[in-house]
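Taking it in order: structure first as structure tokens, then the write-up.
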Amino acid sequence: MSIVEIAEQSVPFALDMNAKFRSTDIRTGVLISGSSGWGEFAPFPEYYDKISARWLAGALEAAFGKFPDRIRTAIPVNAIIPMLSELETKEAVSTAITKHGMTTIKLKVADGTPESLANDLARIAATQSVFNELGIEGKIRIDVNGAWTAEQAIVALQRITEVVGSLDYAEQPCRELSELRILKTAMQNWSEPVPIAIDESIRMSDQIDLASIREIADVAVVKAIPLGGVQRALDIVMEIGLPTVVSGSLDTSVGLSSAIALAASIPQLYGACGLGTGTLFAQDLVTETTLPENGELQVRRSSPDAHLLSTSANRVSNADRLWWQQRIVRAWQAGASDLVSAQVREAVGA
């Protein structure tokens, strides 16, 4: 089967979200069926072909390849709270704790508006208030997605720690490693420096700067599909050598199977993983969305329900179907063919 045939046989989907996330309230992508199961290819629209190539390699691994052996059967999970109002944040945090048992909360912050820091402080304080009301010792993480300069990060983290005392970590507070180094140096004089977790500096880099990451970061955040698949992500984790958190990439329950497989195979997990993204979806491609119970996900693989997949596919226009098919071929040519295993290359006829 050629990559063109795989693209033509891929099944597109469009799913409603419960709230706007990454500036969208509809998650789109395609599923690819292969001899090993279903893979999900859903890089965000703005990602260029070389980045999308890694996502395709991850999807093809799930469809035609083999996941590494697992060393655990359950994964601790954190809640992910998008940029909601203060009241909505309290409600979402309360639901995450009482319904799903998640006591580590990751808040998306830094929307770039003049009111951003004030709003973030209110949402962080609201999260802490829920902990206090429920009588639990929860953990708060923030995900900045590289939106701050070093100077902004220093000010913001000082203000935040004044509100909550401490953070479990700040994820990618600055985009550039040079700015993260400035932040790390500035925090050396703090009584309780905020641990730095790094995501984009790993996931979006053409050449991962291992030495700088080991120097600057306390935690590595990795995503299976965007790094080229479970095995490739595991290899990167082992090379970096830092405690690791596995996060999803706004996957459906089908795509989340890759992230779960990665978390199940990593020897040194830092703690709760960002695999609670099922709560962000109003619709899914499976009859029972993959959601944590008692703060954990069981290690298992999900396949789409035929009716739900067909219903979702019918929402996608012919023009968008063609766009996704062409994107698969471009991603293969942009480097996915060099990232996949021999088993996958054989299946694709490369």
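Things worth noting here:
- When restricted to residues that are under 14 Å from the mean Cα position of the chain (by Cα), of a type in the set (A, V, I, L, M, F, W, C) and surrounded by fewer than 24 Cβ atoms within 10 Å (Cβ to Cβ), region 246-280 contains 2.
- Single match in Val316, Val344 (criterion: in contact (Cβ under 8 Å) with a residue 60 or more places away in the chain, β-branched (Val, Ile, Thr), buried (at least 17 other Cβ atoms within 10 Å of the Cβ) and touching a Phe, Trp or Tyr at 6+ places or on another chain (Cβ under 6 Å)): Val344
- Taking the conditions (1) at pLDDT below 95; (2) of a type outside the set (S, T, N, Q); (3) under 30 Å from Ala126 (Cα atoms) in turn, Ile202 satisfies each one other than (3).
- So Asp206, is it touching a residue at least 12 places away in the same chain (Cβ under 8 Å), charged (D, E, K, R), under 17 Å from Ile51 (Cβ atoms) and touching an Asp or Glu at 6+ places or on another chain (Cβ under 6 Å): no
- Matching residues in region 324-341 - criterion: being surrounded by 15 or more Cβ atoms within 10 Å (Cβ to Cβ) and either free of Cβ contacts under 8 Å to residues at least 60 places away in the same chain or not aliphatic (A, V, I, L, M) (or both): Trp324, Gln325, Arg327, Arg330, Trp332, Gly335, Ser337, Ser341
- Residues of region 310-341 classified as aliphatic (A, V, I, L, M), part of a helix (DSSP H, G or I), within 22 Å of Arg27 (Cα to Cα) and in contact with a helix residue (DSSP H, G or I) (Cβ under 9 Å, 6 or more places away or on another chain), total: 4
- Of Lys139, Lys90, Lys99, all but one fail to be in contact with a helix residue (DSSP H, G or I) (Cβ under 7 Å, 6 or more places away or on another chain) and charged (D, E, K, R); the exception is Lys90.
- Any helices (runs of 4 or more DSSP H) falling wholly within region 175-291 and containing at least 1 residues that are over 30 Å from Asp338 (Cβ atoms) and outside the structural domain of Ile142 (by TED's automatic domain parsing): none
- Residue match in region 74-84 (condition: closer than 30 Å to Gly349 by Cα and in contact (Cβ under 8 Å) with a residue 12 or more places away in the chain): no
- Here the condition is being over 25 Å from the mean Cα position of the chain (by Cα), assigned by TED's automatic domain parsing to the domain that holds Ile236, modelled with pLDDT of 95 or more and not aliphatic (A, V, I, L, M); of Arg123, Arg159, it holds for Arg159 alone.
- Ile51 meets the conditions (1) surrounded by 24 or more Cβ atoms within 10 Å (Cβ to Cβ); (2) among the β-branched types (Val, Ile, Thr); (3) in a helix (DSSP H, G or I) in every case but one. The failed one is (1).
- Residue-level analysis places Ala92 outside the set of residues that are under 19 Å from the mean Cα position of the chain (by Cα), at positive phi and either outside the structural domain of Thr28 (by TED's automatic domain parsing) or among the polar types (S, T, N, Q) (or both).
The values are calculated or read from the model by the stated rules, or taken from the named source; none is laboratory data. Predicted model only: the values in this text are computed from it and were never measured. A quick note on method: Cβ atoms are made from the backbone with ideal geometry, for glycine too, and the neighbour counts reach across all protein chains shown.
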